[in-house]
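The values are calculated or read from the model by the stated rules, or taken from the named source; none is laboratory data. Since this is a predicted model, take the numbers as computed values, not measurements. Glycine also receives a Cβ, built like all others from the backbone with ideal geometry; neighbour counts cover every protein chain displayed. These accessible areas exclude ligands, DNA and RNA; they are computed on the full protein's heavy atoms, side chains included. Shrake-Rupley method; radii C 1.70, N 1.55, O 1.52, S 1.80 Å.
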Amino acid sequence: MSLMENVAQNAPVGRGSNPRLSREFDVLSGDGAVEQLSSLLATMKAAQRKSGSPDYDTRMVHLGKLERAVIARKHDIAKAVGMDFGGRSKHESLVAEVMIVVNAIKYAREHLHEWMETEPREVSWMFMPGRAEVIMQPLGVVGIISPWNYPVQLALGPLVGALAAGNRAILKPSELVPDTADLLKKMLSETFAPDHVFVVTGGVDVSEALSQLPLDHLVFTGSTRVGKIIMRAAAEHLTPVTLELGGKSPAIVGEGFSIAQAAQKIMMGKCFNAGQTCIAPDYVMVPKGRADAFVEECRAAFATMYPRIETNPDYTAIINDRQYARLQQALDDARQRGAKIIELNPLKEHLDPNARKLAPQLVLHAKDDSVLMQEEIFGPILPIRTYETLDEAIAYVNDHPRPLALYFFEHDQKRIDQVLRETVSGGVSINETMMHIAQDDLPFGGVGASGMGAYHAREGFETFTKKKPVFYQSRINGSSLLKPPYGAKIDFALKLLLGK
Ligand code: NAD
């Protein structure tokens with residue numbers, strides 16, 4: 001039976017799960033994946049055409065179902081992500097995978113009515129008594145390709161916006177988190193009809209196949225390197241893309257700011273998920289002469305948060321051997337180029353590499369051409385640079401690709417304004433790290449090399465909505481003036497408007 005027949009026969013809209021359909025996708029690979037996904041997409045598009053734009057009540061039901069499913073599975077989520085990481089803090093999972101998604105759903109449900117409203121627009125006197133408005137229309141079927149580091153949040157976050165905007169969606173979780181991917185598949189197939197929300201699992205070839213489809217929108221969250229490949233693939237069908245990418249997010253500690261407080265916040269941001277966060281502070285710039293004090297404050301802050309490492313359930317492991325080796329190589333490279341590396345390890349534990357718990361490493365005097373200063377770190381390693389003037393720190397940021405996030409620790413509003421005005425980044429937290437992502441009313445997205453487009457908040461709804469402009473001509477109107485043969489009337493009107 002073809003996939004399309006399978007969808008049609010086994011799971012009409014609203015009827016729920018279809019395990020056979022899911023099993024069919026377990027064997028997806030290569031060219032077969034493109035064919036089968038094309039078939040799934042065609043089925044979804046046909047269902048979308050048939051059902052039209054879901055009304056407010058229907059969308060509220062969809063969002064409500066998702067919210068209940070996530071809450072009901074919160075412990076399964078923490079467990080699955082924990083299995084995939086080989087040790088992920090349960091609390092980090094409950095906060096970053098569950099709470100953020102649930103908050104986003106609640107926020108969307110609260111605001112959906114106002115977001116869906118048709119916007120009346122102005123009509124110039126020339127076109128009166130005609131009327132203009134913008135109507136909100138779902139785009140259709142959205143593809144969501146997500147990474148491993150927050151595998152639930154980054155799959156379901158975009159889905160919230162897509163469903164609020166009345167779309168259908170095909171999700172492809174990362175192949176590096178198989179337990180979580182299976183859980184997402186199970187959870188969403190039990191919650192939504194397969195022609196409404198479908199999770200495909202498999203390797204990179206399946207992600208590639210998805211990116212090659214004529215989707216109505218594609219959200220990709222992952223590395224800048226793969227983002228370029230995705231955009232190239234999407235260009236074939238002019239599929240609009242939202243690219244949520246990575247990069248090196250700087251933290252700048254202002255001259256008058258407490259080094260202790262800055263160190264606490266920066267270590268919190270760096271150690272959450274063991275630094276495997278797209279908006280983790282990547283490196284820090286402190287005023288000249290303060291680096292040693294900053295190191296000591298980081299040491300104290302870390303020891304307070306994590307008195308021990310290897311058996312500490314709050315301290316997350318590095319996801320896999322490959323990432324662990326990559327981080328070790330970056331440290332070796334920095335060391336060979338003369339950097340000083342300070343490990344934060346309160347009990348001086350001997351850490352088993354097989355457990356992949358990597359103690360935070362502070363790096364002084366890292367050379368600009370070292371891997372640590374060239375590539376996104378994505379682990380608990382923090383290069384510390386010094387600066388003499390704020391202008392110099394700003395110039396360093398601006399000499400590099402536009403970061404996903406920027407952190408500035410400062411109380412002086414003039415200096416804050418200067419940094420906000422003179423740097424361009426995806427988002428900013430002042431006197432804090434990472435918390436801008438948790439603000440439900442703020443859009444989230446990169447700029448330049450850190451991405452394009454945004455979701456979260458109203459912008460999330462708009463990303464997945466065609467804001468369609470409509471002009472209603474009135475029965476009595478002056479449009480005859482605009483058509484040939486042109487004569488005295490239009491000349492008179494043009495003179496009035498434009499002068500002689
Ligand atoms: P990645 O780019 O390696 O993979 C992300 C996804 O892309 C995976 O699902 C994978 O299957 C797919 N993929 C890989 N190669 C592909 C290809 N050639 N064609 C099509 N799809 C392909 O990223 P990752 O290692 O999973 O995640 C880490 C990166 O993600 C970091 O750079 C991080 O900064 C970034 N990130 C960004 C955000 C954000 O919101 N901006 C959030 C989390 C992570």
Taking a cut-off of 26 Å between Cα atoms, list the lysines near K466, but don't count ones fewer than 8 places away on the same chain. K45, K50, K65, K106, K172, K228
Within the stretch 347-456, DSSP-loop GluC sites (Glu not before Pro) with at most 13 other C-beta atoms within 10 Å are E388
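What is the local net charge at L41, summed over the other residues whose Cβ is closer than 12 Å to its Cβ (Lys, Arg +1; Asp, Glu -1)? Don't skip to the end; give the middle numbers.
Values: positive: K45, R168; negative: E35, D195, D216.
Taking every other residue near L41 into account, the sum is -1.
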Which lysines does K495 reach when only Cα atoms under 21 Å apart count, and residues fewer than 8 places away in its own chain are ignored? K483
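Could you calculate the FRET efficiency of V134 with D440 from 1/(1 + (r/R0)^6), where r is the beta carbon distance between them and R0 is 25 Å, rounded to 0.05?
Numbers: r = 24 Å, r/R0 = 0.94.
Rounded to the nearest 0.05, the efficiency is 0.60.
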Could you check the spin-label model distance between Y56 and S124? Points 7 Å from the Cα along Cα→Cβ, value in nm. 3.4
Between the alpha carbon centres of the stretch 428-500 and the stretch 369-410 the gap in Å comes to 35
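How large a share of the accessible area of the chain, in percent, is made up of carbon and sulfur atoms when the probe is 1.4 Å and the other protein chains stay in place? List each step's numbers first, then the result.
On the way: 12340 of 22580 Å².
So the carbon and sulfur contribution to the accessible surface is 55 percent.
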Once you place label points 7 Å from the Cα toward the Cβ at L420 and A293, how far apart are they in nm? 2.7
Where the centre of each part is set by its Cα atoms, how far does the stretch 198-245 sit from the stretch 64-128, in angstrom? 21
With +1 at each Lys and Arg Cβ and -1 at each Asp and Glu Cβ, the charge dipole magnitude of the stretch 3-245 around its Cα centre, to the nearest 20 debye, comes out at 340
Over the chain: Rg over Rh, Cα atoms, Kirkwood Rh: 1.05
Rounded to one decimal in nm, the spacing of the 7 Å Cα→Cβ label points at K106 and V204 is 4.0
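Any idea of the accessible area per residue across the chain, 1.4 Å probe, to the nearest Å²? Don't jump to the answer; show the numbers that get you there.
Working: 22580 Å² over 500 residues.
Solvent-accessible surface per residue comes out at 45 Å².
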